[in-house]
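Heads up: the structure comes next, in structure tokens.
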Amino acid sequence: MVKYKRTIGKTRGVFQTYMERRFGSQRGIVLTALLFAICHIPSHILGSGLFLGSFMIMLVFYGALLYGYVWYRTRNIWVISIAHMLNNSAATVVYNFLN
């Protein structure tokens, strides 16, 4: 898991830092969030259907905006990793409670 988080951290770190330098901080964060949301399309749309999957992609986009802002402020992938883990854990609990 640590190796996986380092890979994701390098991806966000390299890509978002590049986008921030190229387009400015705000646009860089938004473009990076859009990329992360697009990367989640196959699993959410194919796994949940078009309507629910689209809603989930929107949630991923807003979460990615938040994580992008946190990365911009801290440049610390561990903070983002812990926030992401807590978010996924909460979503799993809610999903299991509703089903």
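The values are calculated or read from the model by the stated rules, or taken from the named source; none is laboratory data. Keep in mind that this is a model prediction, so the values were computed, not measured. Glycine gets a Cβ as well: all are built from the backbone with ideal geometry, and neighbour counts include every protein chain shown.
Below is a table of values for the structure above.
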quantity: Verdict on residue 99 being at pLDDT below 95 and touching a helix residue (DSSP H, G or I) at 6+ places or on another chain (Cβ under 7 Å); calculated: no
quantity: Considering residues of the stretch 71-92 that are polar (S, T, N, Q) and either in contact (Cβ under 8 Å) with a residue 40 or more places away in the chain or under 14 Å from residue 60 (Cα atoms) (or both) only, the residue surrounded by the most Cβ atoms within 10 Å (Cβ to Cβ); calculated: 81
quantity: Looking only at the stretch 55-70, and only at residues there that are β-branched (Val, Ile, Thr) and over 13 Å from residue 25 (Cα atoms), the one that is surrounded by the fewest Cβ atoms within 10 Å (Cβ to Cβ); calculated: 57
quantity: Members of the stretch 73-90 found to be within 20 Å of residue 12 (Cβ to Cβ) and either aliphatic (A, V, I, L, M) or in contact with an Asp or Glu (Cβ under 7 Å, 6 or more places away or on another chain) (or both), listed by number; calculated: 77, 79, 80, 82, 83, 85, 86
quantity: Per-region count, the stretch 9-33, residues surrounded by fewer than 17 Cβ atoms within 10 Å (Cβ to Cβ) and either among the hydroxyl-bearing types (Ser, Thr, Tyr) or not in a helix (DSSP H, G or I) (or both); calculated: 5
quantity: Which listed residue, of 60, 14, is out of contact with any Gly (no Cβ under 8 Å at 6 or more places or on another chain), among the β-branched types (Val, Ile, Thr) and modelled with pLDDT of 90 or more; calculated: 60
quantity: Test: residue in the stretch 34-55 that is outside any helix (DSSP H, G or I) and more than 16 Å from residue 91 (Cα to Cα); calculated: yes
quantity: Residues satisfying the stated conditions in the stretch 36-54, i.e. surrounded by fewer than 17 Cβ atoms within 10 Å (Cβ to Cβ) and within 14 Å of the chain's Cα centre (by Cα); calculated: 38, 39, 41, 43
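Residues are listed down the side, and each one gets a yes or a no for (1) of a type in the set (A, V, I, L, M); (2) out of contact with any Pro (no Cβ under 7 Å at 6 or more places or on another chain); (3) touching a residue at least 12 places away in the same chain (Cβ under 8 Å):
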residue	(1), (2), (3)
22	no, yes, no
31	yes, yes, yes
34	yes, yes, yes
39	no, yes, no
43	no, yes, no
47	no, yes, no
61	no, yes, yes
66	yes, yes, yes
98	yes, yes, no
